[in-house]
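Data block below; observations after.
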Amino acid sequence: MREADRKPGPYPYYGASGVVDHVDRYLFEGLHLLIAEDGENLRTRQTPVAFLADGQFWVNNHAHIVTGNERADTRFLCYALAVTEIGGYLTGSAMPKLTQRAMNAIEVPLPPIDTQRAIAETLSSLDDKIEQNRRTGAKLEGLARAVFKAWFVDFEPVKAKAAGATAFPGMPPETFAALPTRLTDYPLGPVPQGWEVKTAGELASFILGGDWGKDTPTEETPDPAHCIRGADIPDLWANGLGKMPVRYLKRGSLQKRSLRAGDIAVEISGGSPTQSTGRPVLVTDALLAELPHPLVCSNFCRIFRPKQHHTNFTYFLFRWMYDAEQFLQYENGTTGIKNFAFTKFCEVHQVVMPHGSLLASFDVWIEPLMRAMAHAGSESRRLATLRDYLLPRLLSGRVRVTGVDDRLPAETAS
């Protein structure tokens, strides 16, 4: 389906690395294995090269569509490919490609079909819980973002009070009582009376560029650190850990550039024709606790350290601005590599700041959601570690799924 022919709809539209759109028609139905046909990810494997699609969906011409036969379980094939080295099957130097002929030649372990199904069932039970946690986290963050937008973008509580309401859902009575009763005109639009208008930079106590560091330690750069890149942000948004590489920095640079809980890392270079720069990610205690080394930004990101009591407000403001494409006006560069003029944004972009009691109420409201999201993410990472430990051992037979015979029909088990 050409991009010009795609119309928005409910059906997932898959490419080489997952869902890239939703369209009004579907081409396939039921459980299928999709295997990337081309793309640099075939070499780097930053995301899975084989993944399952179920239900009703469309697939573009950048993925092979596979189903198992009487000898192979479709889900098992997906797990088997996850630990199979495919580099020798790829062609193309500038753009790796996995042809259908090469894909058909890939060798994977193939135990009896009942064992395959038992292995797939064991591993998919872990993946199902991870997916459930991801959806829970997404719903919780969606709720948090909706409350932020209602309170600080659409000013719904202020408008409700101006219309005569005596309370607003979810807002403490004393906070609602302290709200203004009218909006005043301002060059950037109507603003609640008494609220301040500041530049984005005035929300920060500290702003600093990232540092990529060195790939290997030297006498000059001996200290290891995990490095957030733009490519890690989607996984971090989903309460994952990404694949943040370890880089080595000078000791003084590491002390200066290490991210703290409450810092916001903002992507300022990268993007694509369909994705703008400016993706922000909030650094949490839970994230830092799971990393063996300090955390820094790559040189494609900036550290934005909000002032005290401004952390949650600033992070959700940046998330709203990114989703609302507010950052596009500060982009420059080519269509291949976009840059976010972050310094200019901080100097000139105006934001509306509420009074402190409303910020405090937002923090109280949001903290249980943030803790629940962190818990879901931490549990998912533990489950993923267990899955990744079991996967090669189950496929090699070093670990066996017990009770396989109990799942088989009587004539097969005998």
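Readers should treat all values here as calculations from the given coordinates under stated rules, not as data from a laboratory. As the structure is a computational prediction, the values presented were derived from the model and not from experiment. All Cβ positions, even for glycine, are placed from backbone atoms using ideal geometry, and neighbour counts span all protein chains on display.
Some observations on this one:
- Qualifying GluC sites (Glu not before Pro) in the range 104-157, DSSP loop, other Cβ atoms within 10 Å at most 10: E107
- P(r) for the range 3-110, from all Cα pairs and a bin width of 10 Å, is 14, 46, 31, 8, 0 %, short bins first.
- Sum of -39500 (n - 2.57) over DSSP H runs of 4+, divided by residues of the chain (222 nm, nearest 500): -11000 deg cm²/dmol
- Shown here for the range 1-93: GluC sites (Glu not before Pro) in loop regions (DSSP other than H, G, I, E, B) with at most 15 other Cβ atoms within 10 Å, namely E40, E70, E85.
- Dipole magnitude of the chain about its Cα centre (Cβ charges: Lys, Arg +1; Asp, Glu -1), debye to nearest 20: 680 debye
- Take every Cα pair under 8 Å whose residues are at least 6 apart in sequence, average their separation, divide by the length of the chain, and the relative contact order is 15 percent.
- With kT/(6 pi eta Rh) evaluated at 4 °C and eta = 1.567 mPa s, and Rh the Kirkwood radius from Cα pairs, the range 137-358 diffuses with a coefficient of 69 µm²/s according to Stokes-Einstein.
- Here the range 297-371 is treated as a sphere whose radius is the Kirkwood value from Cα pairs; by Stokes-Einstein at 10 °C and 1.306 mPa s it diffuses with a coefficient of 111 µm²/s.
- Sparse-neighbourhood loop sites, trypsin sites (Lys or Arg not before Pro) in the range 115-193 - DSSP loop, at most 13 other Cβ within 10 angstrom: R182
- Debye log10 I(q)/I(0) for the chain, one point scatterer per Cα, at q = 0.07, 0.08, 0.13 Å⁻¹: -0.43, -0.56, -1.27
- Counting only Cβ charges, +1 for Lys and Arg and -1 for Asp and Glu, the dipole size of the range 3-110 around its Cα centre is about 140 debye.
- Between 0 and 90 degrees, the angle of helix 113-148 with respect to the longest Cα principal axis of the chain falls at about 10 degrees.
- Links that overshoot a 27 Å alpha carbon limit, given the list K214/K338; K307/K344; K159/K338; K139/K344: K159/K338; K139/K344
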